[in-house]
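Student: Before I ask anything, let me first share the structure, which is written out below as structure tokens.
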Amino acid sequence: MSVHTHTSGAATKATEDKQPSRPRNAAGTREQLLKAAAGLFALNGYEATTVSQIARAAGFSPNLVTRYFGGKEGLFLAAMETRLNLDSTLPGPVDGLGWRLADRIVDRWERQGDADPLLALLRSVASRPAALGEFLEKEATAPLTEALVSWGFSEHQAVDTANAIQSFIVGTVVTRRMLHTGAVAAATGPQLRGWLADVLQRLVDEGATADSPRLPHQQRSSAEAGHQPPTDPAPEEPCS
């Protein structure tokens, strides 16, 4: 007589549920979700990236995105919280600004690669245009305008020049890192560095001689107008 052993579905599920789980570490979980999100948002943009993809890449359940960030938008904003840290680039003579900016740009690209939060902001501009605009104004245009005024540029010269530099850099990022076509995309690191430095310095030099405003601008407060670039480079903050 044979004996049959019957295992119920409930018992099987109970056994599976007893599999060891990853120990909880709130700070570590947040950091891994932010890292995974930054990479995927930079690669695919906001709309094409899902919470499930981010959670899977980080090795966690999707419900943790809601727990720690309130959802996809909260995670995006947290992952894009980054600094350009121009305070470490602006100090120095104005006639070397082009080279300093070029070094900063290329070094950032080489260090961060496809995980650069700026790429995520650019790829998400259709659905989140305000995020990119606020980032560029706060991290690039405003500090650069203040620095140019401190070097003797008039208000309108500083505004025009800072916006020209910002627009040129954004266009270069799109051409080289998103379109991947043309001479800009094909250039080596040293070639790109030299070309950027030359064009950026020409924008600075030509901006200093402009005798009339070319762009509208708002008058800055007296506190902003009195701001000077730091004499000592500020330590760079790591990007999430």
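The values are calculated or read from the model by the stated rules, or taken from the named source; none is laboratory data. Note that the structure is a prediction, hence the values are computed from the model and not measured. We place every Cβ from the backbone using ideal geometry, glycine too, and count neighbours over all the protein chains shown. Remember, those area values only see protein heavy atoms, side chains included, never the ligands or the DNA or RNA. Shrake-Rupley method; radii C 1.70, N 1.55, O 1.52, S 1.80 Å.
Student: So, residue 82, is that one surrounded by 11 or more Cβ atoms within 10 Å (Cβ to Cβ) and either at pLDDT 90 or above or part of a loop (DSSP other than H, G, I, E, B) (or both) or not?
Tutor: Values: surrounded by 11 or more Cβ atoms within 10 Å (Cβ to Cβ): yes; either at pLDDT 90 or above or part of a loop (DSSP other than H, G, I, E, B) (or both): yes.
When the stated conditions are applied, residue 82 passes them.
Student: Name the residue, out of 162, 147, 158, 120, that is at pLDDT below 90, surrounded by 19 or more Cβ atoms within 10 Å (Cβ to Cβ) and either in a helix (DSSP H, G or I) or not β-branched (Val, Ile, Thr) (or both). Explain how you work it out, then say what you get.
Tutor: On the way: 162 fails: at pLDDT below 90; 147 fails: at pLDDT below 90; 158 fails: at pLDDT below 90.
After ruling out the rest, the residue left standing is 120.
Student: Quick check: is even one residue across the range 94-102 modelled with pLDDT under 90 and either buried (at least 20 other Cβ atoms within 10 Å of the Cβ) or within 27 Å of residue 180 (Cβ to Cβ) (or both)?
Tutor: Step one: list which residues in the range 94-102 are modelled with pLDDT under 90, which gives none.
So far as the range 94-102 goes, no, none of its residues is modelled with pLDDT under 90 and either buried (at least 20 other Cβ atoms within 10 Å of the Cβ) or within 27 Å of residue 180 (Cβ to Cβ) (or both).
Student: Out of 52, 127, 61, which single residue is open to solvent by 50 Å² or more (accessible area, probe 1.4 Å) and not in a helix (DSSP H, G or I)? Steps first, answer last, please.
Tutor: Working: 52 fails: not in a helix (DSSP H, G or I); 127 fails: open to solvent by 50 Å² or more (accessible area, probe 1.4 Å).
Answer to the selection: 61.
Student: For the range 165-183, check the following and say yes or no: at least one residue is of a type in the set (Gly, Ala, Ser) and touching a residue at least 40 places away in the same chain (Cβ under 8 Å).
Tutor: The answer is no, given that none of the residues of the range 165-183 is of a type in the set (Gly, Ala, Ser) and touching a residue at least 40 places away in the same chain (Cβ under 8 Å).
Student: Go through the residues of the range 23-41 one by one and say whether even a single one is open to solvent by less than 50 Å² (accessible area, probe 1.4 Å) and at positive phi.
Tutor: So far as the range 23-41 goes, no, none of its residues is open to solvent by less than 50 Å² (accessible area, probe 1.4 Å) and at positive phi.
Student: Criterion first (over 19 Å from residue 88 (Cβ atoms) and at pLDDT 95 or above) does residue 191 satisfy it? Break it down into steps so the answer makes sense when it comes.
Tutor: Values: over 19 Å from residue 88 (Cβ atoms): yes; at pLDDT 95 or above: yes.
So residue 191 passes the test.
Student: Right, another one. Quick check: is even one residue across the range 173-182 open to solvent by less than 40 Å² (accessible area, probe 1.4 Å), in a helix (DSSP H, G or I) and in contact with a Phe, Trp or Tyr (Cβ under 9 Å, 6 or more places away or on another chain)?
Tutor: For the range 173-182, residues open to solvent by less than 40 Å² (accessible area, probe 1.4 Å), in a helix (DSSP H, G or I) and in contact with a Phe, Trp or Tyr (Cβ under 9 Å, 6 or more places away or on another chain): present.
Student: Where residues in the range 66-75 are closer than 23 Å to residue 122 by Cα and in contact with a helix residue (DSSP H, G or I) (Cβ under 6 Å, 6 or more places away or on another chain), which of them is least open to solvent (accessible area, probe 1.4 Å)?
Tutor: Only one residue fits best here, namely 75.
Student: Now for a different question. Between 28, 74, which is under 25 Å from residue 119 (Cα atoms), assigned to a helix (DSSP H, G or I) and at pLDDT below 90? Steps first, answer last, please.
Tutor: Working: 28 fails: at pLDDT below 90.
Of 28, 74, the one residue that is under 25 Å from residue 119 (Cα atoms), assigned to a helix (DSSP H, G or I) and at pLDDT below 90 is 74.
Student: Among the residues of the range 186-197, is there at least one that is in contact with a Lys or Arg (Cβ under 7 Å, 6 or more places away or on another chain) and touching a residue at least 40 places away in the same chain (Cβ under 8 Å)? If you could, list the steps in order and put the result at the bottom.
Tutor: Restricting attention to the range 186-197, the residues satisfying the condition of being in contact with a Lys or Arg (Cβ under 7 Å, 6 or more places away or on another chain) are none.
Looking through the range 186-197, none of the residues is in contact with a Lys or Arg (Cβ under 7 Å, 6 or more places away or on another chain) and touching a residue at least 40 places away in the same chain (Cβ under 8 Å).
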